[in-house]
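Read through the structure below, which is laid out as structure tokens, and then see the notes.
Every number here is computed from the coordinates shown, using simple stated rules; none is lab data. Predicted model, so just to flag it, every value in this text is computed and none were measured. FYI the Cβ positions are ideal-geometry reconstructions off the backbone, even for glycines, and counts take in every protein chain you see.
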Amino acid sequence: MKTSISVARPRVPGIFLLLLSWIILHGPLAAAQQSTIPLWSAPAPLSHGTTAEDQPSIDVYLPSTNPTSTGVLVIPGGGYHDLAAPEGKPVALWLQSHGIAAFVLHYRVAPYRYPAEMLDGLRAIRLVRSKAKEFDIADTKIGVWGFSAGGHLASYLMTQYQATLLPPQDAIDHTSARPDFGILSYPVISMRPGFMHQGSHESLLGSDATPDLEALLSSELHVTADTPPTFLFATTDDGVVPVQNSLAFYQACVNHQVSVEMHLFEHGPHGVVLAQNLRGADAWPGLLATWMTRHGWMKQ
């Protein structure tokens with residue numbers, strides 16, 4: 001049953017209106033998108049056209065105060081064939097409400113294939129870092145948070161940030177693309193047979209991908225001691241992306257002495273995002289907040 005509330009303005013005291021205005025401007029209702037910025041001022045490299053789907057961008061969500069000067073690039077999933085909206089704006093608002101700047105990436109998906117998606121991710125990190133002062137964040141506190149196939153793109157940025165996919169286009173392309181930390185939520189990690197997500201593989205690489213290309217895009221094979229601190233979340237009975245993806249990345253981090261924390265929950269379907277209504281797994285955002293606070297990327 002829907003409930004509507006009407007307010008008779010003549011009966012509302014002036015002080016109440018002032019208080020309401022302050023809440024709207026500065027309180028939780030203020031959590032909103034500020035702007036959308038294209039990743040390139042000119043048409044994007046490898047672009048097939050001029051529509052919004054051909055021109056990647058970031059949506060900017062800045063908090064009223066950012067006590068830790070942290071920014072996070074949020075990468076929605078969608079199997080590399082679309083972008084899952086619930087893994088974009090709601091996550092940005094959660095970060096914003098915790099005093100963290102968020103940047104939701106709109107990257108190219110199928111019919112685009114590798115390397116366009118990776119090019120967009122690398123450019124997004126560089127763009128945010130190049131505008132750190134403008135966004136009131138530190139260029140040493142820029143993380144990446146990816147969901148599902150977006151987790152695959154995030155893990156690529158965490159392990160292959162030095163990749164040169166095209167010659168530099170401008171000064172921004174000379175900026176470091178290394179994330180300072182990474183959050184991977186029920187991520188696709190591997191493109192190798194065995195536990196890959198078939199849909200992501202088909203959309204990103206196609207059905208004729210060689211074993212060498214599959215290995216190149218399998219992030220568990222590219223973890224090094226320079227991989228940034230990592231937080232992993234997944235559910236054991238995820239019926240879409242096998243939990244072995246998270247396990248493989250975690251084991252690779254342990255093998256290379258990378259700071260890593262992982263939380264696996266017994267039950268939960270794929271795509272739970274912040275799991276607000278999923279008993280058990282709904283604890284995971286709090287665990288993430290504790291991890292971020294411990295590292296100085298969030299202040300509670």
Handout entry: Value of [θ]222 nm, deg cm²/dmol, for the chain, DSSP H segments ≥ 4, -39500 (n - 2.57) each, nearest 500
Key = -9000 deg cm²/dmol
Practice task
Please return the longest stretch of the chain lacking exposed loop sites, where trypsin sites (Lys or Arg not before Pro) count only if DSSP places them in a loop and at most 11 other Cβ atoms lie within 10 Å.
Solution key: 3-278
Completion exercise
Expressed in angstrom and rounded, the centroid-to-centroid distance over alpha carbons for segment 191-256 and segment 143-182 is 16 Å
Handout entry: Listed candidates (i) 45, 42, 38; (ii) 72, 47, 38; (iii) 61, 43, 40 - label of the one calculated as Cα extents along the principal axes in Å
Key = (ii)
Problem - Cα-based Lys pair tally, the chain, threshold under 21 Å, eight or more apart or on separate chains - result: 6
Completion exercise
Counting only residues 5 or more apart in sequence or on a different chain, those whose built amide H sits under 5 Å from that of Val72 are Ala101, Ala102, Phe103, Gly143
Handout entry: For His256, His174, order by how many other beta-carbon atoms lie within 10 Å, fewest first
Key = His174, His256
Fill in the blank from the handout: Placing +1 on each Lys and Arg Cβ and -1 on each Asp and Glu Cβ in the chain, then taking the dipole about the Cα centre, the residue among His267, Ser203, Val72 whose Cα reaches farthest towards the positive end is Val72
Fill in the blank from the handout: In the chain the DSSP beta bridges are antiparallel at a rate, in percent to nearest 5, of 25 percent
Problem - Packing-based exposure ordering (other Cβ within 10 Å, fewest first) of Leu184, Leu39, Leu221 - result: Leu221, Leu39, Leu184
Fill in the blank from the handout: The farthest towards the positive end of the charge dipole of the chain, of the residues Pro115, Ser219, Ala289, given +1 on Cβ of Lys and Arg and -1 on Cβ of Asp and Glu, is Ala289
Problem - Residues Asp238, Asp212 arranged by fewest to most Cβ contacts within 10 Å - result: Asp212, Asp238
Handout entry: the chain, dipole about Cα centre (Lys/Arg Cβ +1, Asp/Glu Cβ -1), debye to the nearest 20
Key = 1160 debye
